[in-house]
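A.B. asks: Before I ask anything, let me first share the structure, which is written out below as structure tokens.
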Amino acid sequence: MNTSINEVAALARKAAKGAGYSWSMADEVAFATTWLCRNGVEAASMVATHLDQISNIGVDALKLSSLTFPWRGTEKGLCSVSAGAVFSDLATEPDVQSTELIDVVSPMLLIPFVAYASQRLVKHHNSLTIEDANSNKLACLSSVNCDSFSANIAAVENHAWLHGLTRHNASDTKSELISDKKLSAGITHCTMKTCAIEALNDNPKPARHRLDIPSDTLDKLNHYASLTYAPATEASREGAGAGTTDND
Amino acid sequence: MRQLTRRMAAEQWQFSRPHFNIDENGVGYAVYTAAYPGGKASLVAFAHDLPDELRSDRVIAEQWDTTFSLFNGEPTAEDIQRLQNNVPLQEAGRVSESELTLSRANRSVRLWEHVVDALSQGNQPNEQALHDVGYLMRTTAVYGSGKFGAADREQLKSDLSNPNTFKAPFSVEMLTVYLIRTFVRDLVNHAAFCKGRENAIELSPDLARGLGIGNSTGLGMAPFLINHPVLISNWISAKEEAIARVRSIEQVTDDDVKSVFILLKRMQLLTERWQSAHPIQQKKLAALTNDLDQVEQYLTQASVNTAFYWNELTNWCEQHLSTEGQECMASLMLEPYAEMIDGLSDCMDDPISSTLRIDGTQTIETTSELIKTSFGWATDINWASEKATARCWYVSEEKLEPRLGERYEEPINDYEQPLAPARDAVAALNAMQSWDNKKRVAEFLVVHPEHRRTVQRAQWSSMAPYGEIRDNTIDASMLPIDLLRAKLSFFGATRFDPRSDRWVRICLYPGAPYPEELNTDNADLWIYPDA
């Protein structure tokens, strides 16, 4: 189904709550979904897969346990949304600018938080990379074209260059370093760290406004979202509206 | 509404009706196109033959007298066919990125039949009957911003051919309703012609102008107010800034005061026509009527040479009038000063809240102070009492619409929507108490991610001082209609008429010039009826 990004984000938010996140963390899932979709990534399916894991394993088992390095959850893994949210909270702090993560579940969902962090680091002339255990770059996020820290998200979406994650960058040689497969599947070890700003792409794509959601993804997200809906009762029907006819 | 009519007049928008294919039974479609600098938008309207028993004012209805979509550009025959297959279904259909809104309206059966009967027999309808109802049709939803597949606001704003046309929040929704009103006037004339043929006449322009479009609004609007604190704060800040500017005028002119006096008389007429069957609103209307009489005396007696005339008036209103009267005068006294305040309408968008995430380096102490600034009052509430948490906002499985239930009487607690920021703020403050308040709030949030919303809102509040409702949105005595009115008032809605404690009717565009009569002279003050 072809949808607006707002629609996908609203659905992802409800689905995240239905799968077990708090509403606060569901907001973060919606943020990540919006960012990826606006950058041309079909994030709905990634989110649906991620929510399966959250639903199966439990939010608390995957939650970032503390700020002690390296960041980890439990033996079940580390939720990328949980880690990403905290990473963006502390983006300007020197101590998190080289952050190792262990056993990240759905690492693609880290990207929006790292992109936001990179935007906040612009004034320090830094961008952020995500590297695997062998120092291979998985993603590089930079927002050099943003004029200031207060540049709005539309600017970030236009200028945070996301390599190896979207097909339109495939011709970029640097993207060979990056494995989107690894980011989608889950990784055992990665590090988010600052690097000197690199102008990786001179032709950033404009933000996207539409997304085609595969029907199985839509079904799954609708299923999780439906867990937030209260079953209808007589009392609830009576509570909706003033009356049943509009003939006056 | 007035921002839009001013813009349309100033930019000389051109309106046309490329299609009006409605049959003898009132079934068919019509297209109304508004051409603005840089683009076009078209209302695609479908008229249906709806049996009376299916006419419901609730958002959960499934059929309507008329259904609409605002199309970005001019629709082709294929577009109209596609919309024909989807728009009449409303929520059950899908629209596309070419559409900006989705809406529907039902007749006021009583008034519709009277007007059609009268016109078909060559008579104008009874003026009092028109005033009593105020509209021929009322909408029950005007969906925008990406709902049901439509273009979202970000797409709209990124359209570089008209970066400012629809920058103001809800401007596409307001344009939709403006064009619906034109269609409804044409439709009633058409119905009268089909019935009376050579005997029929058209509704006179003066009577038509007095009619608006009604709107029935329920709980769906209330969550918006809570979920968009920065936007709402920007709306209220614009109003407050306008009031502050006018209060700071040291010397007013005779003309300024005279123009407010004339508008006061028109406001008295509006109040006279404003009816409600709801006891609370009746009481408020009686107080407002009395207030306006008092203001009339005040204006007659006060010297124009009084320093800071409007400031003095405001202080006097605070001492002598009900809240209704005070708010009314706070709006009326702004009217002579368009040049001083109209620019504030550009500050009513919210371009930043989606870009500003939590600053986790803030200390817990600073964050908790920010929370207390908005919600300090809520720490005095006994949140363990059933009264304080009696209500619960939830979404029903049946129709996916927001509802408000009784937490301790219905099985809804597990499905609660996050619409009680005051309760959540106190919970966050309590959780912070055992923490070293010099620590970074990010450390607190690692352990308590469920409080991220409260922390985010608190940080926004430092730049959005009016963003939080200073009341308990789940209290047993909470009246949702007050939330609805707050939002509707910024649209410029009039004749606020609660139908219950959670359902209201209002009127949009009564008195507004129709497209063919719109000009810069009549684009602004039409909201005040002329005797």
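A.B. asks: Mean residue ellipticity at 222 nm from the helices of chain B, using -39,500 (n - 2.57) per DSSP H segment of n ≥ 4 over the full residue count, to the nearest 500 deg cm²/dmol?
C.D. replies: On the way: 19 runs with 223 residues, N = 531.
One gets -13000 deg cm²/dmol as the mean residue ellipticity at 222 nm.
A.B. asks: Something else now. Comparing the chain by itself with all protein chains present, which residues of the stretch B:342-365 are at least 40 Å² less accessible (probe 1.4 Å)?
C.D. replies: Listed in order, they are B:T355, B:R357, B:T361.
A.B. asks: Counting only C-alpha contacts under 8 Å and six or more residues apart, can you give the relative contact order of chain B as a whole percent?
C.D. replies: Value for chain B: 17 percent.
A.B. asks: Then there is this: With solvent modelled as a 1.4 Å probe, how much accessible area in total do chains B and A shield from it at their shared surface, in Å² to the nearest 100?
C.D. replies: Numbers: alone 24080 and 12040 Å², together 31090 Å².
By this definition, chains B and A bury close to 5000 Å².
A.B. asks: Now a separate question. Rounding to the nearest 10 and keeping the result within 0 to 90°, find how far the Cα-based axis of helix B:229-247 lies from the longest principal axis of chain B.
C.D. replies: 80
A.B. asks: Moving to a separate point now. In the stretch A:78-92, what residues drop by 50 Å² or more of accessible area when the other protein chains are put back, versus the chain on its own? Use 1.4 Å, and skip ligands and nucleic acids.
C.D. replies: Listed in order, they are A:D89.
A.B. asks: B:K372: net charge of surrounding residues, Cβ under 12 Å, Lys/Arg +1, Asp/Glu -1, itself excluded?
C.D. replies: Values: positive: none; negative: B:E365, B:E369, B:D380, B:E468.
Charge balance in the 12 Å sphere: -4.
A.B. asks: Moving to a separate point now. For chain B, give the magnitude of the charge dipole about the Cα centre (Cβ charges: +1 Lys/Arg, -1 Asp/Glu; no others), in debye to the nearest 20.
C.D. replies: On the way: 52 positive and 75 negative charges, 117 e Å.
Using only the charged Cβ atoms, the result is roughly 560 debye.
A.B. asks: Measure nothing fancy, just the Cα-based angle from helix B:109-120's long axis to the longest principal axis of chain B, in degrees from 0 to 90, nearest 10.
C.D. replies: Taking Cα atoms only, the helix is inclined about 20 degrees.
A.B. asks: Is there a pair in B:K157/B:K487; B:K284/B:K399; A:K14/B:K157; A:K14/A:K63; A:K14/B:K372; B:K283/B:K387 whose C-alpha atoms are over 24 Å apart, and which pairs would that be?
C.D. replies: In this structure, B:K284/B:K399; A:K14/B:K157; A:K14/B:K372; B:K283/B:K387 lie more than 24 Å apart at Cα.
A.B. asks: Would you work out if the stretch B:462-524 is rounded, prolate or oblate? Take a ≥ b ≥ c from the square roots of the eigenvalues of the alpha-carbon gyration tensor; rounded if a/c is under 1.5, else prolate when a/b is larger than b/c, oblate otherwise. If you can, show how the numbers build up before the last one.
C.D. replies: On the way: a/c = 5.82, a/b = 1.77, b/c = 3.29.
It is oblate, given that a/c is not under 1.5 and a/b is not larger than b/c.
A.B. asks: Taking the Cβ of B:K284 as the centre, find all other residues whose Cβ is under 12 Å away and add up their charges (Lys, Arg: +1; Asp, Glu: -1).
C.D. replies: After counting each charged neighbour, the total is -3.
A.B. asks: So what's the protein assembly as shown giving for Cα Rg divided by 2.2 N^0.38 Å, two decimals?
C.D. replies: 1.00
A.B. asks: Ranked highest first by the average count of other Cβ atoms within 10 Å around their residues, in what order do B:258-268, B:293-303, B:421-431 fall? Show your work: numbers first, answer last.
C.D. replies: Working: B:258-268: 17.1, B:293-303: 13.4, B:421-431: 20.4.
Top to bottom by mean Cβ count within 10 Å: B:421-431, B:258-268, B:293-303.
A.B. asks: Roughly how crowded by other chains is peptide B:210-218, in terms of the mean Cβ count from those chains within 10 Å of each of its Cβ atoms?
C.D. replies: 1
A.B. asks: Taking all protein chains as present, what is the carbon and sulfur share of the accessible area of chain B, in % to the nearest whole number, probe 1.4 Å?
C.D. replies: Carbon and sulfur together cover 49 percent of it.
A.B. asks: Just to confirm my numbers, what's the Cα centroid distance between the stretch B:350-412 and the stretch B:421-438 in Å?
C.D. replies: Here the two parts' Cα centres lie 13 Å apart.
A.B. asks: Over chain B, average the accessible area per residue using a 1.4 Å probe and give it in Å², no decimals.
C.D. replies: Working: 21660 Å² over 531 residues.
Counting only protein heavy atoms, the per-residue value for chain B is 41 Å².
A.B. asks: Shape verdict for the stretch B:229-349, please, from the Cα gyration tensor: rounded (a/c under 1.5), prolate (a/b greater than b/c) or oblate.
C.D. replies: oblate
A.B. asks: Let me ask something additional. How charged is the neighbourhood of B:G39? Take every other residue with its Cβ under 14 Å from the Cβ of B:G39, and add Lys/Arg as +1 and Asp/Glu as -1.
C.D. replies: Computed value for this residue: +1.
A.B. asks: Tell me the accessible surface of A:D216 in square angstrom (1.4 angstrom probe, heavy atoms of protein chains only), to the nearest ten.
C.D. replies: Using a 1.4 Å probe on the heavy atoms, I get roughly 100 Å².
A.B. asks: Roughly how many Å is it from the Cα centre of the stretch B:220-249 to that of the stretch B:458-472, as a whole number?
C.D. replies: So the separation of the two Cα centres works out to 11 Å.
A.B. asks: Return one number: the angle in degrees, 0 to 90 and rounded to the nearest 10, between the long axis of the Cα atoms of helix B:452-461 and the longest principal axis of the Cα atoms of chain B.
C.D. replies: 80
The values are calculated or read from the model by the stated rules, or taken from the named source; none is laboratory data. Please read these numbers as outputs of a predicted model, since none were measured by experiment. When we count neighbours, we look across all protein chains shown, and the Cβ atoms used for this are built from the backbone with ideal geometry, even at glycine. Note: accessible area is taken over every heavy atom of the protein model, side chains too, but ligands, DNA and RNA are not part of it. Shrake-Rupley method; radii C 1.70, N 1.55, O 1.52, S 1.80 Å.
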